[in-house]
Amino acid sequence: MSSPSSEKKSPVKKPAFPGAKTDAQWKKLLTPQQFYVMRRKGTEKAFANEYWNNKKDGEYRCAACGHPLFSSDAKFDSGTGWPSYWKPLNDESVVTQDDSSWFVTRTEVICANCSGHLGHVFNDGPQPTGLRYCMNSVALKFKPAEPAKKATTNKAASHD
Ligand SMILES: [Zn+2]
């Protein structure tokens with residue numbers, strides 16, 4: 001089968017993933033659906049997923065490791081049935097790499113912390129980036145924004 005590792009030099013410098021784990025470890029941590037998408041690059045069903053139509057304010061984090069990925073500020077209705085964003089939360093949120101499966105070359109988007117597969121990015125998104133990060137809901141965990149102000153004081157009666 002495979003020869004023992006005799007100091008292999010990888011041609012591409014891969015980013016280090018501090019949150020990386022083995023498949024055996026992920027199997028214990030993830031649901032079967034999460035494992036299928038995040039570790040086997042699967043795709044969940046359009047529209048039949050949790051966040052495609054979520055319009056609440058908040059932050060979308062990696063379902064596997066909790067790494068912050070996207071903000072609701074950059075979410076838009078792409079009409080695809082998957083949660084879509086025109087940019088990641090910041091430069092350290094996600095990593096992109098070529099994905100040549102399915103006979104087409106697409107750009108895969110993975111979590112910058114644990115390398116979990118999240119979805120793909122396309123060039124037909126809205127301005128200002130023109131990008132469409134097409135994500136799987138099952139790879140995301142939504143954290144609703146804190147309410148801006150809590151009206152704990154007694155309600156103002158002067159409200160005519
Ligand atoms: Zn992650």
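The values are calculated or read from the model by the stated rules, or taken from the named source; none is laboratory data. Note that the coordinates shown come from a computational prediction; the quantities given were computed from them, not determined experimentally. Note that each Cβ is placed from the backbone with ideal geometry, even for glycine, and that neighbours are counted across all protein chains shown.
Scanning segment 132-151 for residues that are among the aliphatic types (A, V, I, L, M), touching a helix residue (DSSP H, G or I) at 6+ places or on another chain (Cβ under 8 Å) and part of a loop (DSSP other than H, G, I, E, B) returns a single hit, ALA145.
The criterion of at least 1 residues that are at pLDDT below 95 is met by the following strands (runs of 3 or more DSSP E) wholly inside segment 17-131: 94-99, 106-111. Taken over segment 52-67, the criterion of being under 17 Å from LYS87 (Cβ atoms) and more than 16 Å from the ligand (Cβ to nearest atom) is satisfied by ASP57, GLY58. For segment 84-100, the set of residues classified as surrounded by fewer than 22 Cβ atoms within 10 Å (Cβ to Cβ), more than 16 Å from the ligand (Cβ to nearest atom) and within 23 Å of ALA64 (Cα to Cα) consists of TRP86, LYS87, ASP98, ASP99, listed by residue number.
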